[in-house]
Amino acid sequence: MTDERITAYLLEELTEQESEQFEEQCFAQDEWPEQLDAAEQELIDAYLRNELTSDRKRRFQERYLTTDARKARVLAAESLQEILCPVKPRSTWSEWLKAFFQRPLVPQTAIAALVLVTVVIVILAPRSPRTFTQIELAMSSSDRASGAQSEKVSLPLSTEALEIHLKLPEPSADTSGYTVQWEDINGQVRELQIVSKDSQSVVVSIPANQLTPGKYLLRLSNNNDVIGNYYFRAEALNR
Amino acid sequence: MNQHFSSLLTFLCADDADEAGRRYLRLHQKLEGYFRTRGVADTSAAADETLDRAGRRIAEGSEVPNVDNFCLGIARFIIKEGWRFNTRESTAFLQFLEQHEQSTAEQIDRFSLMKTCFEELPQYDRTLLNSYCVALRGQARAKHRRELAEELGVTVSALRIRVTRLRQGLEVCLKKLSRNHW
């Protein structure tokens, strides 16, 4: 159960059959999974911070905000955000520009030149993804051909990249020699840059535009010795 | 004891009343979770209704191969009925929130009530919420939360659940305080 799947459930992006399966999966557990509440809060936060795609924002308004209890939850979250992350009043661009050009001219020219150079650098520099769909994978004991159980990711992603947390089979004090290779659906093997790592997990990310439906393999190695494989399946979402 | 309730308890565990009670409570909690996720306001009443109907059907002799799926089926039906769980309480609460959304600084509004609730939390929880909710984006946010979890000596999942519970507590507090202003 991933946040992405919970979000898809809440926004009614799943088919009726998938929704029912999802509910049965939740209900079959000893307790109703708290992960659902956590993911729902994050969905609400994302909506309030305007971080959802336009499609998801529309679905949130049309498919999620359908009961008073949910609307109240959103308003309460908004109040809390107001306390925790108050938005400072911002002057408009026109006000800022007006104030800028009312000052003596020499420093402004230098600042304007600096801003221009910065803008050019920012535009030309490769940009790291800023929004992520997260999944957590456990190491698999079987191979891809044997049809190992794998985590599902719905495509297209609503974020810029897929962030994958590879859980280590046991805590490791030294992860400095770890590398991760990625084998895509065509069998092409590439090195994946590790975003972060600690004693429990290694985190990598794959840009959304490099994912197509199919099964993927991630191979974790330590100083070129293979430690194990992780699998996930990317599936086109039925809307 | 209500006859339906008794039938359900017997069905859950005929020879051990304590165990039957525990299973009943577990089912009730899961149903509350389900109704909460579906956006029902009075989740407890909805769970009561589901289990009452389940007990009635069992007393009538319905075949129940899997009690979880049986109850979930009834709960779905209750949602489809658009039953009365979106109660007056919820509606009034929402009206209160919307009414005060535009309020002036002099008026008691939902922000000040939330602030009251927030300030009632122990210092540790306030600091935790403040740290957790730092408005970073994307990868930086994930990294920040991993570091915070590490600092506190817990997993990221455990931290997330802790924050979720705190926020749910704040929602309950906000409802309670706002009730005085309806």
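Summary of values
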| quantity | calculated |
| --- | --- |
| FRET E, pair B:Arg179, B:Glu81, Förster distance 25 Å, beta-carbon r, rounded to 0.05 | 0.40 |
| Accessible carbon and sulfur surface of segment B:113-182 relative to its total accessible area, %, 1.4 Å | 54 percent |
| Net charge, B:Thr164 excluded, C-beta distance under 10 Å - Lys, Arg +1, Asp, Glu -1 | 0 |
| Average beta-carbon neighbours from other chains, 10 Å sphere, peptide A:22-35 | 5 |
| Net charge of Cβ neighbours under 15 Å - reference A:Val204; Lys, Arg +1; Asp, Glu -1 | -2 |
| Net +/- balance of residues flanking B:Ile74 in space, Cβ distance below 15 Å, scoring K and R +1, D and E -1 | -4 |
| Unsatisfied cross-links (Cα-Cα over 31 Å) in the set A:Lys152/B:Lys175; A:Lys167/B:Lys175; A:Lys152/B:Lys115; A:Lys71/B:Lys80 | A:Lys152/B:Lys175; A:Lys167/B:Lys175; A:Lys152/B:Lys115 |
| Accessible area buried, both sides summed, chains A and B with 1.4 Å probe, Å² | 4700 Å² |
| Under-5 Å amide H pairs with A:Ile227, H placed in peptide plane, nonlocal only | A:Leu220, A:Ser221, A:Asn222 |
| Mean-position separation - Cα centroids, segment A:196-212 and segment B:39-61, in angstrom | 44 Å |
| GluC sites (Glu not before Pro) restricted to segment A:1-62 and DSSP loop, no more than 11 other C-beta within 10 Å | A:Glu31 |
| Sequence-distant residues sharing a close amide H with A:Val153 (under 5 Å, placed H) | A:Arg233, A:Ala234, A:Glu235 |
| Segment A:24-38 - phi-based ³J(HN,Hα) in whole Hz, Karplus 6.51/-1.76/1.60, Gly and Pro as x | 5, 4, 5, 6, 6, 7, 4, 10, 4, x, 5, 4, 5, 5, 5 |
| Virtual paramagnetic centre 7 Å along Cα→Cβ of A:Asp30, amide N under 16 Å, in segment B:23-45 | B:23-30 |
| Sequence of A:Thr175, A:Thr66 from largest to smallest accessible area, 1.4 Å probe | A:Thr66, A:Thr175 |
| Nonlocal amide H pairs with A:Gln134, under 5 Å, H built at 1.01 Å | A:Glu4, A:Glu163 |
| Segment B:53-61 - phi-based ³J(HN,Hα) in whole Hz, Karplus 6.51/-1.76/1.60, Gly and Pro as x | 5, 4, x, 5, 5, 5, 4, 7, x |
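The values are calculated or read from the model by the stated rules, or taken from the named source; none is laboratory data. Since this is a predicted model, take the numbers as computed values, not measurements. Cβ atoms come from the backbone with ideal geometry, glycine included; neighbour counts cover every protein chain shown. To get the accessible areas, we keep the full protein, side chains included, count just its heavy atoms, and leave off ligands, DNA and RNA. Shrake-Rupley method; radii C 1.70, N 1.55, O 1.52, S 1.80 Å.
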